[in-house]
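Structure first, then comments.
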Amino acid sequence: MKNILFSLSTMMMIANANALAIDIKVVDKNNTPINDIVVYLTPKSGIKDLSINTQQLVIDQKDKKFAPYITVMQKGQSIVFSNKDDITHHIYSVSGKNRFEFKLKTGLSKQVENINSVEEVAMGCNIHDWMSGFLLVVDTPYFAKTNTDGVLSMSLASSGEYEVSVWHPQLDTPSHQITETHSFKNEKQSITLTLAKPLLPIPKQVGQQEFDFLEEY
């Protein structure tokens, strides 16, 4: 048994030694950090042997908003929508292959599975039409959002060439993303990605007071 445990420990140490720690920073043309923007990496060698991310994601409805406004996931992950408001929401996906629609009463949650198509999913609420949120479904376990310093960190299982994609629904480019190819060979590596255009304004997540329209009658 000791020999087996020793062998497993040795294999884990080798795997960790081969992992690549990557830091990525996203800035605008004035070198200002961009917060809360998605970056995902896809190996040029293919995705066949990549791991599957099984972490369950949670998207709250709070203060009549989607929280977070942007969520990124690997296809096949499940999502829980959780209504933190004291009213009912009617959640739906606007278009695409990952379709869902359901009513969610206050305090309840709804798990959505079978999100298996790679695409951008716009979300809304049929009751509160100003509510908007986005879900990006990717085909890789290497994804994250930048922090307030415009930085994210991730660990790659192997070296090689990767397509590095930056995505945000307010990015004024085709498909709301830009993609560059980078080669990662060292155990620790940092790159900076610069956006040529500023992000478009995020729509205000506020609406008129409920039933204001009745004042006209």
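The values are calculated or read from the model by the stated rules, or taken from the named source; none is laboratory data. Values in this document were obtained by computation on a predicted structure and should not be read as measured data. Don't worry about glycine lacking a Cβ; one is built from the backbone with ideal geometry, like all the others, and counts go over all protein chains shown. Ligands, DNA and RNA are stripped out before the accessible areas are found, and what is left, the full protein with its side chains, is counted by its heavy atoms. Shrake-Rupley method; radii C 1.70, N 1.55, O 1.52, S 1.80 Å.
Among the residues of region 159-193, those identified as touching a helix residue (DSSP H, G or I) at 6+ places or on another chain (Cβ under 9 Å) and open to solvent by 60 Å² or more (accessible area, probe 1.4 Å) are Ser159, Glu187.
Collect the residues in region 137-146 that are open to solvent by less than 10 Å² (accessible area, probe 1.4 Å) and of a type in the set (A, V, I, L, M, F, W, C), keeping them in residue-number order.
Val137, Val138
Conditions tested, residue by residue: (1) at pLDDT below 95; (2) within 21 Å of Val138 (Cβ to Cβ); (3) within 21 Å of the chain's Cα centre (by Cα); (4) among the polar types (S, T, N, Q).
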| site | (1), (2), (3), (4) |
| --- | --- |
| Gly150 | no, yes, yes, no |
| Leu171 | no, yes, yes, no |
| Glu180 | no, yes, yes, no |
| Ala196 | yes, no, no, no |
| Gln205 | yes, no, yes, yes |
| Gln208 | yes, no, no, yes |
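Among the listed residues Leu108, Leu136, which satisfies the condition of being at pLDDT 95 or above and more than 14 Å from the chain's Cα centre (by Cα)?
That would be Leu108, the only listed residue that is at pLDDT 95 or above and more than 14 Å from the chain's Cα centre (by Cα).
Just one residue in the set Asp36, Asp49, Asp28, Asp86 is at pLDDT 95 or above, of a type in the set (Asp, Glu) and over 21 Å from Leu171 (Cα atoms); that residue is Asp86. Going through (1) out of contact with any Asp or Glu (no Cβ under 8 Å at 6 or more places or on another chain); (2) more than 29 Å from Leu20 (Cα to Cα); (3) surrounded by fewer than 13 Cβ atoms within 10 Å (Cβ to Cβ) one by one, Asp149 falls short only on (2).
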